[in-house]
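All of the numbers you see were taken from the coordinates with simple rules; none came from a lab. All of these numbers come straight from a predicted model, not from anything done at the bench.
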Amino acid sequence: MARSSVVGTEPIGPYTLLRLERAGLDPGVPGQFFMLEAPGRLLPRALSLCLAPPGELGFLIEPVGPGTEALCAVEPGDRIRVLGPLGRGFRLDVSRPLLVGGGIGIAPLPYLAAALGGVPAVLGFRDATCAEAASLLPRAEVCVEPTFVTELIPQGFDVLACGPEPMLHAVAALCPEAQLAWEAPMACGFGACYGCAVEIDGELKRLCIEGPVLDAARVGSAVKAAA
């Protein structure tokens, strides 16, 4: 656990990019997550790392409740507790990577793209305002509803995806070898509370330990991840 100072926040469409001093924290593997203290709230929020410039950690946040709203409202110089990196991230030993993201699920992809040396990506959003976040992946092909991002996935690629649950199920059906980053409510982030238990390999397991990145073959239609 470290205390990190807020470097700044900036709006990107409906989202907020929160930049923190690294404070000695290792950025970890793309797809891992950090638990960030939400000022004034009892429980922290689990967020994947979006950017890792020198000396900083960047998190893309959608303000959808009191905790994420509190994080979006912090100001430069504020200090918050940060724990991480946690969980299992993406495997990077793929020959033809293609990044696939939907909505706020694009959050871990810029860091992943940097780790892979700049790779193709396809991104889907519900509207043009949300699609402004595609600026974080300037090489990406972008669509908005009613076109779905799965319509942009070509054959022959090693897919690494993050997005809402219906999108991930659709990706898994198209690309059984894909790596999928799932989301679930997490209260602790290291397996103590069982708040993120989901069905994996036919059994209830803690997503914060087994995931959040899982092989598509491990998650059938019974997965109850909360995107």
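Quick look at the numbers
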item: Mean separation of Cα contacts under 8 Å (6+ apart) over length of the chain, as relative contact order %; result: 19
item: Helix 165-174 axis, angle to the chain major axis (alpha carbon atoms, nearest 10°); result: 30
item: Principal axis dimensions, largest first and in whole angstrom, of the stretch 1-55 by Cα; result: 28, 25, 21
item: Angstrom value of the Kirkwood radius, inverse mean 1/r, which spans all Cα pairs in the stretch 47-125; result: 14.3
item: ³J(HN,Hα) computed for each position of the stretch 73-85 - Karplus, 6.51 cos²θ - 1.76 cosθ + 1.60, integer Hz, glycine/proline x; result: 9, 5, 10, x, x, 4, 10, 10, 7, 9, 10, x, x
item: Convex hull volume of the chain per residue (C-alpha atoms, cubic angstrom); result: 109
item: Three semi-axes of the equivalent ellipsoid, the stretch 72-115, Cα gyration tensor, whole Å, largest first; result: 28, 14, 9
item: Cα centroid separation, the stretch 40-56 to the stretch 59-107 (Å); result: 6
item: Built amide H within the under 5 Å cut-off of ALA197, gap 5+; result: LEU207
